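FYI, it's all coordinate maths here, none of it is from the lab. Just so it is clear, the structure is predicted and the values come from calculations on it, not from any experiment. All Cβ positions, glycine included, derive from the backbone under ideal geometry; neighbour counts span all protein chains shown.
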């Protein structure tokens with residue numbers, strides 16, 4: 001577990017375009033501030049017809065502040081209010097989305113904006129990955 005108590009976080013991706021971008025670029029541009037650490041697991045959530053669901057995950061390689069991004073990336077970040085990027089070692093898409101309300105997190109009643117940036121411990125991450133048929 002990380003020194004801040006979290007082994008990872010949930011990031012809710014709002015648009016299909018941005019979902020595709022995460023998997024294509026193996027990078028996620030962030031607007032919320034957390035203690036991003038190499039090796040942390042980030043679970044990607046996205047709205048589905050049945051509710052918010054986990055659609056995949058990534059393992060952080062490094063956090064890149066604005067100064068380390070290309071001019072094109074900086075311009076995009078400034079446009080959307082992002083302050084940097086998570087560069088992943090790898091990202092994986094789940095075969096089937098896993099509804100948040102059907103996971104170990106069901107009692108938290110996480111929806112919409114409450115999902116974004118939610119911290120997870122290693123037990124929660126392992127349970128969700130197992131439910132999705134994945135393992136680290």
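Measuring from label point to label point, each 7 Å out along Cα→Cβ, what is the residue 20 to residue 83 span in nm?
Going by the 7 Å Cα→Cβ label model, 3.0 nm.
Express the relative contact order of region 88-136 as a whole percentage, based on alpha carbon pairs under 8 Å and six or more residues apart in sequence. All intermediate terms of the calculation are to be shown ahead of the outcome.
Numbers: 22 pairs, mean separation 23.1, N = 49.
Relative contact order here is 47 percent.
Semi-axes of the equivalent ellipsoid for the chain, please: Cα gyration tensor eigenvalues, times 5, square-rooted, ordered largest first, whole Å. Don't skip to the answer; put the middle values down first.
Details: eigenvalues 110, 54, 37 Å².
Over the Cα atoms of the chain, the ellipsoid semi-axes are 23, 16, 14 Å.
When the chain is fully extended, how far beyond the present Cα-Cα distance does residue 48 get from residue 104, taking 0.36 nm per residue of separation?
Working: separation 56, 0.36 × 56 = 20.16 nm, distance 1.86 nm.
My answer for the length gained is 18.3 nm.
Using 7 Å Cα-to-Cβ label points, what is the residue 130/residue 70 separation (nm, one decimal)?
4.1
Under the definition of Cα pairs under 8 Å and six or more residues apart, what whole-number percent is the relative contact order of the chain? Can you show the working numbers first?
On the way: 247 pairs, mean separation 43.5, N = 136.
Dividing the mean separation by the residue count of the chain yields 32 percent.
Percent relative contact order of region 1-80, based on C-alpha pairs within less than 8 angstrom and at least six residues apart? Spell out each step's value before the answer.
Values: 84 pairs, mean separation 21.8, N = 80.
Computed value for region 1-80: 27 percent relative contact order.
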